[in-house]
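In what follows, a structure is listed as structure tokens, so that the remarks can point back to it.
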Amino acid sequence: MLHFFVRRVLLGVLVLIGLSVLTFIITRVAPGDPAALWVGPRASVAQIERATVTLGLNRPLPVQYAIYMDDLAHGNLGLSIETHRPVSSEIASYLPASLELVVSGIVIAILLGLPLGVLAAMRPGGVFDAVARLLAVLSVSVPTFWLAFLLQIVFFKDLGLLPLAGRVSNLVIALDPITRITGFMTVDSLLQGNWVAFFSALRHLVLPAVTIAAYPFGLIVRMVRASLLDVIALDHVRLLRALGQKRYTIAFRYALKNALPPTLTVIALTFAYSLTGTFLVESVFNWPGLGNYTAQAVITNNYPAVMGVTIVIGVIYVVLNLVVDLVIAGIDPRVRYV
Amino acid sequence: MALLSMRGVHVVVDTAEGPRTLVRLSELELAEGEMLGLVGETGSGKTLTGLAVTRVFPTPSIRLQGGSIELGGRDLAGLGERELLAVRGREVGVVFQDPNASLNPVFPVGRPLMDLLGLHRSLRGQAAVAEAVRLFQRVELPDAAALLSRYPHELSGGQRQRVMIAMAIAAGPKLLVADEPTTALDVTVQAELLRLLDDLRREAGMSVLFITHNLGVVAHMVERVAIMYAGDVVETGPTRAVLKEPRHPYTRLLLEAVPRQGQGRLKAIAGTAVPRSEIAQGCAFASRCPFAQDRCRAIEPALEGPGVHRAACLRQEEVLHV
Amino acid sequence: MRWRRLAAVLLAGAGLVGLSACGSSGSTGSATTKTAVGVYASYTQVMVFWDPSDSYSNEIIAMPQMYETLLRYDPKTDKFLPDLATSYSKSQDGLTWTFHLRHNVHFHDGSLMTSQNVKDSIERTMQRGNGAAYIWDAVKSIATPSKYTVVFNLSTPSPIDFAAASPYAAWIFNTAPLKQHGQNWYAKGHEDGTGPYELQSWSSGQPLVLKAFKGYWGGWKGDHYTKLIFETVGSSSTRAQMLQSGQLTFTDFLPYQQIEALKKDANLRVTVTPAWQNLMAFFNTKVAPLNNVLVRKALSEAFPYQEVITSVMHGYASQSRGPIPAGLWGHDPSLPQYHYNLAGAKSLLQQAGIKPGSLNLTLTYTAGDDNESAAAALYKASLAQIGVNLTARPMPWVSQWNLAKATNPSQRQDIFMMYWWPDYANPYSFLYNLFHTESTVNFNLAYYYNSSFDKLIDQANTDSGINRGQAVKLYDQAQTMLYQDAPAIFIFDEQHVRVIPKSLKGYYDNPAYTNVVFWYDVTP
Ligand SMILES: Nc1ncnc2c1ncn2[C@@H]1O[C@H](COP(=O)(O)OP(=O)(O)OP(=O)(O)O)[C@@H](O)[C@H]1O
Ligand code: SF4
Ligand SMILES: [Mg+2]
């Protein structure tokens, strides 16, 4: 088990080192003069020259690389070309919003997708199966922005049930502000016993989270259904059936655990993907998350920000995979010896 | 009095071209406390016959088309899925062929057993653990208490088979369907398991449908055998009689093919087994039978004979006296 | 406790709704007890730069709430209003400017604002040299003869009152916290100004929340917004919906289509003001045949001015008269300008010896700007009718600019399209940056080098600090010179169209402070 863990960690570190080298090369090779971007569109030649020195762009490339790696090792992702603030602190400010959104989305997807996938697999060709397959196809293929607009029209415009956009109402921001602890507004407001803010944050979270949930939901339904169908045909499942065990017990308590590893891998993948892929959702719902930040960074050629996001997503991806590997090892004792 | 009585049991598989017959059983009976050996080549339909009792088939495309399966006077074939639930495990226990695939690799072996005890006997917590330990001890598993929390891959094949037997008898069924429980194991283990099954049968007055393709194994332990070919019983009777004086050419060939020391799989019999579905009329064995005559291909022989030893062969008297 | 907060929320909610729906603020009793929340949704990031010395971006909408300048400029009356300075005077030669400061003004940390703070602020801004710091280039030294008197000594005459009223590089702030926390303290997201609102909360990506500064010198009598929220709402349709549902008090930008739709809303009203921003297209006067003034005149006459204004700008623009935009002093509507005249253009090309079909030109514009793109397309279609082939190339700004600065003039674009706007209320910004001789190419992208033009505008700038009337005359002459030499097409002067709740009282769209709402001055 320890051996297994150490190997996975080393592999992750290797992936991250590769990623950091790649990001360095891309920053230096990419077109556009970072110094010119740094000083803005109205800068004088002298200002650009000064920026070149400030940013260390006049030094030899190997020296720049050494500085870059040293900074990275200290968690320093450089300065944003747009705002001149540390990219790390900006990401720290934007990331929790995305995490809150994506985590809620994935949780919704799991809570709905997992049981539906199981029910579908229990009676292939049955009603649940038909519904599940239809929903899975719809939720995977429906364009995100379309779904987002649809939800807004129905729940904001027509029914007036849920807010249009934002993370929390402006009144809460002005009068019942949430002190930042975790950066998850729902969690922070709860921790402070600030109910007004909590319900506002929760109401704001629903529509974007449901939008985010659509794609992973479809994937999860299909993954669970497919892997469960494989598992259900196995002898050990049939044996339990032949010995009178109840269908639901077999499906949810036994077979699901066998079907979980491939599903978990998919969930981990969608999670990392969703973190940057949330741009459309974040933009429609005006959610100040990493997707918005990245889009803005790309538009403004803000290389340090783009690369910072890349590294952070890389770390999240590696950590997530490690966690999934560990969970799978926890589920399946045979893996631990691999 | 017969505990189990199967008549006209018809198992089909749904295919694109319509249902295809896999098993068409004329009759099979099992007395209370009796161990019956169901013997036949691979593909002859032994497993499906055994599974027909609980109606848990390998795939949803296989189903029971017709016939009656009377267990203790009640026809299981007429029961719905919900009523069958009460039969499975409680009245009929099942042991599968492959001990490697029949235990869930991601659960400790005690877990499904204890869940079954909770389900069938309402035993939970400490009571379930105690009973599980007792059952493990009963199937002669060493260090039973510790074994409960072990994973299948930590057990030997024989131990896994014993775990399965413990699960099958957990609810005290009247009938145990043991589908080649020994095939995957080596000889000494096979013998031990057979003895264990025989002990359990005697102790609990349980009937055992013992499925095997090894006549040698059957010879010592089983009072009565039924020989299957192409989805039907072709000969049945007391083990001694069937082995000594086979009335069906197929049984004869089987006996000639029995490996030395009753070990290993059957030697090949000339020709290949013909699927039941391809037999339009006449005797199913005709294409491979050295005794076959024209009338064999026209008339389907019924299971008949003097007394309890019966065979489905038009020329059984000749076969007997060759 | 809980209930009191809830009540406050409900009260403010009622206030907000009243703001957009009822059309009457309905405030009664003591206004100071009432919470009124102003919400400003910007299409882009609000706080780009926090340091008041460096500020040169969209934070212009928030800085005037937290900080103040010595003066404020009112283009309508062409007058300076007192802000931190209550009065000022200049010497005859325009080299010495004396400002008398308001007494008893406090920074948000409670310390008193004195002449030393003014000197420290401006000197730090000049020394950092970021953003618009150049507006103080004429300043030789700053003296503080008394606690409330500041004297600027200039090296050349310059209208320093305009600099003192600039929304960039002219904020007066407290330098004391920098000594304690380091020069980066402001940049990290702090403020210490004298403005009516102080920082409540902010972090990257989160809204900027400001609250009334109790110690503000103007006091809080009467109706005022007491809380301000500046948030970024990228989607214009979301901003429009928020405006209609009363969740917004102000937004800086809406596409024309949205504006047409919102016009119908009874709770909203539309204001249109000249913006000090114009669109121009610069000819590469260093290469043939654009070095021929006849060709440039022809190309100026081939531009479909009115069509662009109506179909691209939906009428929210006026045709330019030279580079100084409408609304800014120095603009003269009587100046000559080219008009759409394809026949004239054709004959001018003929005179220049250009055969139809022989002229191929490349125009660059900034990628992502829909108005530039549409204008370029219309120009292309028009040119095609007189046998000139135009290739319009969208480019990211930095690439577009770098191409314009290529060492070999023939490698550069033929026509460079861009907007210009002044950093502060001074026509010199347009004429100097865009047409004054440069030793290395910066913003003179017509590469127009004319020493008599240079002399005219330099003199005008000097005079503007002493004799405004004389300066305007010189600028007129300079602009007429540009008309004759035709180094650029002066396309249109933009207008700001605002859709605001009818209940927002006292709003004045001041083009000297683009997109700024002076929240203290408006009432809910
Ligand atoms: N899922 C299935 N689909 C189609 N045909 C099947 C399926 N399972 C079994 N059969 C067929 O049914 C017949 C009987 O199969 P069964 O498993 O009962 O044989 P068996 O006697 O148990 O053989 P073995 O000794 O190999 O276990 C065989 O011809 C087999 O090919
Ligand atoms: S009936 Fe005929 S074919 Fe069939 S087994 Fe007997 S002899 Fe052979
Ligand atoms: Mg079998």
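Straight-distance candidates among the aspartates and glutamates for linking to residue C:286, with alpha-carbon spacing under 16 Å and chain neighbours fewer than 8 residues away dropped: C:414, C:438, C:485.
For peptide C:43-55, what's the mean number of Cβ atoms from other chains within 10 Å of each residue's Cβ?
Values: counts 0, 3, 7, 0, 2, 7, 5, 3, 1, 0, 0, 2, 0.
For peptide C:43-55, the averaged partner shielding equals 2.
Report relative contact order for chain B in percent, whole number only (criteria: Cα-Cα under 8 Å, sequence separation at least 6).
On the way: 628 pairs, mean separation 66.6, N = 322.
Relative contact order here is 21 percent.
The trypsin sites (Lys or Arg not before Pro) of region C:192-226 that DSSP puts in a loop, and whose beta carbon has at most 16 other beta carbons within 10 Å, are C:214, C:221. With a Förster radius of 22 Å applied to the C-beta separation of residue B:145 and residue B:192, the computed FRET efficiency comes to 0.55.
Computed from Cα atoms, the angle from the helix C:115-128 axis to the main principal axis of chain C rounds to 40 degrees. Residues whose amide H lies under 5 Å from that of residue C:278, counting only those 5 or more places away or on a different chain, are C:420, C:494; hydrogens are built 1.01 Å from N in the peptide plane. Take the Cα of residue C:147, step 7 Å toward its Cβ, do the same at residue A:127, and the gap between the two points is 8.6 nm. Prolate is the label for chain B. Its Cα gyration tensor axes, ordered a ≥ b ≥ c, give a/c of at least 1.5 and a/b above b/c.
The chymotrypsin sites (Phe, Trp or Tyr not before Pro) of region C:342-442 include none that meets both conditions, a loop assignment by DSSP and at most 11 other Cβ atoms within 10 Å of the site Cβ. Solvent-accessible area assigned to carbon and sulfur over the protein assembly as shown amounts to 59 percent, based on a 1.4 Å probe.
Expressed in Å, the radius of gyration and Dmax of the Cα atoms of region C:466-524 are 18.2, 51.
Using a probe of 1.4 angstrom and keeping all protein chains present, the accessible surface of chain A works out to 44 square angstrom per residue.
Remark: accessible surface ordering of A:241, B:247 (largest first) is A:241, B:247, probe radius 1.4 Å. On the basis of the beta-carbon distance and an R0 of 51 Å, residue A:140 and residue A:57 show a calculated FRET efficiency of 0.70. Stretching residue B:294 away from residue B:74 to a fully extended chain increases their span by 75.1 nm, per 0.36 nm per residue minus the current alpha-carbon distance.
Across the cross-link table entries C:119/C:473; C:147/C:188; C:76/C:502; C:34/C:214, which are compared at the Cα atoms, the separations over 24 Å belong to C:119/C:473; C:147/C:188. Relative to one another, the C-alpha centroids of region A:67-97 and region C:242-260 are positioned 34 Å apart. Over chain C, dividing the summed -39,500 (n - 2.57) contributions of all DSSP H runs of at least 4 residues by the number of residues returns a 222 nm mean residue ellipticity of -8000 deg cm²/dmol.
For chain C, the solvent-accessible area works out to 37 Å² per residue, with a probe of 1.4 Å and every protein chain left in place. Neighbouring Cβ atoms from other chains, within 10 Å of the Cβ of residues in C:198-205, number 6 on average. Each label was represented as a point 7 Å from its Cα along the Cα-to-Cβ direction; for residue B:121 and residue C:502 these points are 8.3 nm apart. Judged by the ratio a/c of the largest to the smallest principal axis of the C-alpha gyration tensor, region C:368-426 counts as oblate, that ratio being 1.5 or greater while a/b is no larger than b/c. Ordering B:90-97, A:243-250, B:146-153, C:259-266 by mean Cβ neighbour count within 10 Å, with the highest value first, yields B:90-97, A:243-250, B:146-153, C:259-266. Among residues other than residue B:29 with Cβ under 10 Å from its Cβ, the summed charge is -1 (Lys and Arg +1, Asp and Glu -1).
Relative to the longest principal axis of the Cα atoms of chain A, the long axis of helix A:256-277 makes an angle of roughly 30 degrees.
Residues of region A:278-298 that bury at least 50 Å² of accessible area when the other protein chains are present, relative to the chain alone (probe 1.4 Å, heavy atoms, ligands and nucleic acids excluded): A:286.
Among the GluC sites (Glu not before Pro) found in region B:1-61, those both in a DSSP coil and sparsely packed, with 16 or fewer other Cβ atoms within 10 Å of their Cβ, are B:17, B:32.
Any idea of the accessible area per residue across region B:2-222, 1.4 Å probe, to the nearest Å²? Walk me through the numbers on the way to the answer.
Working: 7970 Å² over 221 residues.
Averaged over the residues of region B:2-222, the accessible area is 36 Å².
Estimate the FRET efficiency between residue B:137 and residue A:15 by the formula 1/(1 + (r/R0)^6), using the beta-carbon distance for r and 60 Å for R0, to the nearest 0.05. It comes out at approximately 0.75. Cross-link partners for residue B:244 among the lysines, with Cα-Cα distance under 20 Å and sequence neighbours closer than 8 places in the same chain left out: B:267. The residues of region A:129-167 occluded by other protein chains by 50 Å² or more of accessible area, set against the chain on its own, are A:164; surface from heavy atoms, 1.4 Å probe. Remark: relative contact order (chain C) = 21 percent; criterion is Cα-Cα distance under 8 angstrom and separation of 6 or more residues.
Determine the alpha carbon to alpha carbon distance for each of C:179/C:211; C:227/C:264; C:140/C:455; C:297/C:346 and list only those over 21 Å. Each step should come with its number before you reach the end.
On the way: C:179/C:211 26 Å; C:227/C:264 29 Å; C:140/C:455 23 Å; C:297/C:346 10 Å.
As for pairs spanning more than 21 Å Cα to Cα, those are C:179/C:211; C:227/C:264; C:140/C:455.
Considering only the Cα atoms of the protein assembly as shown, their convex hull presents on average a projected area of 62.8 nm².
Accessible area buried by the pairing of A and C, both sides summed with a 1.4 Å probe, works out to roughly 3700 Å². Taking the C-alpha atoms only, the angle from helix C:342-351 to the longest principal axis of chain C is near 50 degrees.
Taking N as the number of residues in region C:274-496, what value does Rg over Cα atoms divided by 2.2 N^0.38 Å take? Provide the component values of the computation, followed by the final result.
Values: Rg = 16.5 Å, N = 223, 2.2 N^0.38 = 17.2 Å.
Compared with the compact-globule rule of thumb, region C:274-496 sits at 0.96.
The aspartates and glutamates within cross-link reach of residue C:79, meaning a Cα-to-Cα straight distance under 20 Å and a gap of 8 or more places when in the same chain, are C:68, C:161, C:332, C:423, C:463, C:509, C:521. When region C:274-496 is described by a simple charge dipole with +1 on each Lys and Arg Cβ and -1 on each Asp and Glu Cβ, the residue from C:364, C:313, C:418 located farthest towards its positive end is C:364. Relative contact order for region C:274-496: 36 percent, from Cα pairs under 8 Å spaced at least 6 residues apart, divided by residue count.
The values are calculated or read from the model by the stated rules, or taken from the named source; none is laboratory data. Bear in mind the structure is a predicted one, so any value in this text is a computation, not a measurement. Positions of Cβ are backbone-derived with ideal geometry, glycine not excepted, and every protein chain shown enters the neighbour counts. With ligands, DNA and RNA removed, areas are computed over all heavy atoms of the protein, side chains included. Shrake-Rupley method; radii C 1.70, N 1.55, O 1.52, S 1.80 Å.
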